[in-house]
Amino acid sequence: MNQIPALVRVFAYLSLLTVGGGMAAFPEMKILTVEVHKWLTFPQLIHLYSVGQMAPGPNMMMIVAIGQWAGGILGALAVLVAFFGPTALLAYTVARLWKRLEKWPWRTSIQQGLAPVSIGLLLAGCFTMAKGAISGVETAAIAVGVLLILLQYKINPALLVLAGAVLGVFSFMPK
Amino acid sequence: MSDTAANPALEAAANAAPDASRVSIGQIFLEFLLIGSTSFGGVVPYLRGSLVTRRHWVDDKEFVEMLSISQSLPGLNATNMAILVGEKLRGALGSIAAIMGICLPGAVLMYIVGIFYRIHGEHIWITAALKGVAAAAVGLILSTVVGMSKKSLSGRFDFVFIALTVIAVNSLHLGVPRTLIAVGLLAILFHRPRKEQKESGVQ
C-alpha cells in the first residue's frame, strides 16, 4: 500500500509542533508513527532517535529512516520535504518581515511566552521517551550520569551518547 | 540586501570572490554542507564558528538575534538558522542552498543507519548498545532543558508554565497542539507588553 500521502501528512503536521526543538513533537510522533500508522515500534522509535543524536546536522534526521522503512527512497524524500518544508517557509517569511516585526511590542511577549512552553514541551517529550528508555537502575544511572557530566563539563554530547553505547554493551549483554 | 531574483545559472559562474556582501549560492551550499557533516553533538556552536568567526557572513549580535528568532519559531534551530542566514546572504535561493547543505549529510547517514538497523537491529550486541544509547540520550535532553531554562526564562513564574505544559501533555494527554495553543496563549498574555517593561529590561 502506498504510504507516501500518509507520511507527508504526518510529518508536515509534526513539523509545526517542533517549537523549541524536535523533541517537542516526540509525544505526538509516538502516537502517529507507532500507534496510528504502525510504521515502527516504540523501542525502534527510541533507538532511531537516540542514534540520531550521534549524527551531525539537524538532530531529527532519524525521520529519514522512518520514511525509508514505510516508503523506500521516495518515502525518505517525502518525509524530508514534509518535515522541513513548512517550517522553512515560515522562517523565510518571518525573515522577510523581520524589519517590520522588530518594533512590534508583542514580539517580545511572544518570545518570552513561548520560551517556557517550548522548555515544557521538550521536557514532556523527554518524559515520554524516558518511559521507554529508562527501565531500571542501570539505564537511570546512565541518564543521570550524562546529565551531570554535561552540566559540569564542556564536553561534546555526541561522545557521551557513544559512551552510552559502550556502557550498554557491558551492562545489558545477556550473560 | 538580498537578491531573490537571482538566476540559478549564475551560481557556478562569477561571484567566486569571498566577499561577505556578495556570497555565491555555491559557497553557501558548501559552507552549510561542511557544517552539516561536522556538527557532531549540536549544531549551534558549529554555526557560530563558521558563519561568525571564520566567514564573517553575520556578526555576533546578528547571530544571537537570528538564534532567538529560530528558537521561538516552529522548526529545528539548525534548519531555521540555515533559512535565516541563507535569506540574509542571497534571498530565497540562499535559503534553499543553506538548508539543503545542512540537511544532506545527516539525511544520507540516517538513511544508511535506518537500513542497517532494520537488518541487524535484533542482534544482541546492538540491542544492548542501543539500550545504553537511549538512556544517554535522555540525559542529553535533560541537560538541554536545564541549559534552556538558565538562558531563556524571564522570571520565576515561567516555571509554572513549564509545569503546566508537562502536565497537559504527559498527565492530561491533551496533545501537543492543544497544549501549545492553550499554555502558549496564557504565557504570551502573561508576558504582554507593558509600559514599565522599558525599565525592567528583558531579564
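Subtracting the Cα-Cα distance of A:S135 and A:L151 from their residue separation scaled by 0.36 nm leaves 3.4 nm. The orientation-averaged projection of the convex hull spanning the C-alpha atoms of region A:4-129 amounts to 8.2 square nanometres. Pairs over the 23 Å Cα-Cα cut-off, from the set A:K103/B:K88; A:K103/B:K61; B:K88/B:K150; B:K61/B:K88; B:K131/B:K151; A:K154/B:K150: B:K88/B:K150; B:K131/B:K151. The angle between the Cα long axis of helix A:4-15 and the main principal axis of chain A comes to about 80°, on a 0 to 90 degree scale. Compared with the dominant Cα axis of chain A, that is its longest principal axis, helix A:137-152 is turned about 50°.
Counting other Cβ atoms within 10 Å, keep those with at most 16, restrict to DSSP loop, and tell me which chymotrypsin sites (Phe, Trp or Tyr not before Pro) in region A:99-175 are left. Taking region A:99-175 and a limit of 16 other Cβ atoms within 10 Å, the loop chymotrypsin sites (Phe, Trp or Tyr not before Pro) found are A:Y153.
Separation of region B:167-194 and region B:134-154, taken as the distance between their Cα centroids, equals 20 angstrom. Computed about the Cα centre, the dipole magnitude for region B:66-203 is approximately 300 debye when only Lys and Arg (+1) and Asp and Glu (-1) carry charge, each at its Cβ. Here the protein assembly as shown was treated as a single set of alpha-carbon atoms; its pair distances binned every 20 Å from 0 give 29, 59, 13, 0 percent.
Mind checking the log10 I(q)/I(0) for region A:134-175 at q = 0.24, 0.31, 0.32, 0.34 Å⁻¹? Debye, one equal scatterer per Cα, no solvent, two decimals. Debye output, listed in q order: -0.83, -1.13, -1.16, -1.21. Could you give the distance between the Cα centres of region A:153-171 and region A:20-87, to the whole Å? Spelled out, the Cα-based centre of one part sits 22 Å from the other. Note on B:L186/A:M173: beta-carbon distance plugged into 1/(1 + (r/R0)^6) with R0 of 56 Å gives a FRET efficiency of 0.70.
Look at the stretch A:143-154: the mean tally of other chain Cβ atoms within 10 Å of its residues' Cβ atoms is 5.
Need one value for A:97-110: mean number of C-beta atoms belonging to other chains within 10 Å of its residues' C-beta atoms.
Across A:97-110, the average partner-chain Cβ count within 10 Å equals 3.
The value for region B:98-203 of Rg(Cα) / (2.2 N^0.38 Å) is 1.57.
Checking every one of the trypsin sites (Lys or Arg not before Pro) in region A:1-77 against DSSP loop status and a limit of 15 other Cβ atoms within 10 Å picks out A:K38. The chymotrypsin sites (Phe, Trp or Tyr not before Pro) of region B:84-188 meeting both criteria, a DSSP state outside H, G, I, E and B (loop) and at most 16 other C-beta atoms within 10 angstrom of the site's C-beta, are B:F157. Here each label is just a point 7 Å from Cα along the line to Cβ, and for A:H37 and B:L67 those points are 3.3 nm apart.
Only helices reaching 27 angstrom along their own axis (Cα) with mean Kyte-Doolittle hydropathy no lower than 1.0 count here, and for the DSSP H runs of chain B these are B:77-120, B:124-152. All C-alpha to C-alpha distances of chain B, sorted into 10 Å bins beginning at zero, yield P(r) values of 7, 24, 27, 26, 13, 2, 0 percent in whole numbers. Taking amide H atoms as placed 1.01 Å from N in the peptide plane, the amide H of A:V19 lies under 5 Å from those of B:G75, each 5 or more residues away in sequence or on another chain.
Each value in this text was obtained by applying a stated rule to the coordinates, not by laboratory testing. Keep in mind the model is a prediction, meaning the values are calculated, not measured. Cβ atoms come from the backbone with ideal geometry, glycine included; neighbour counts cover every protein chain shown.
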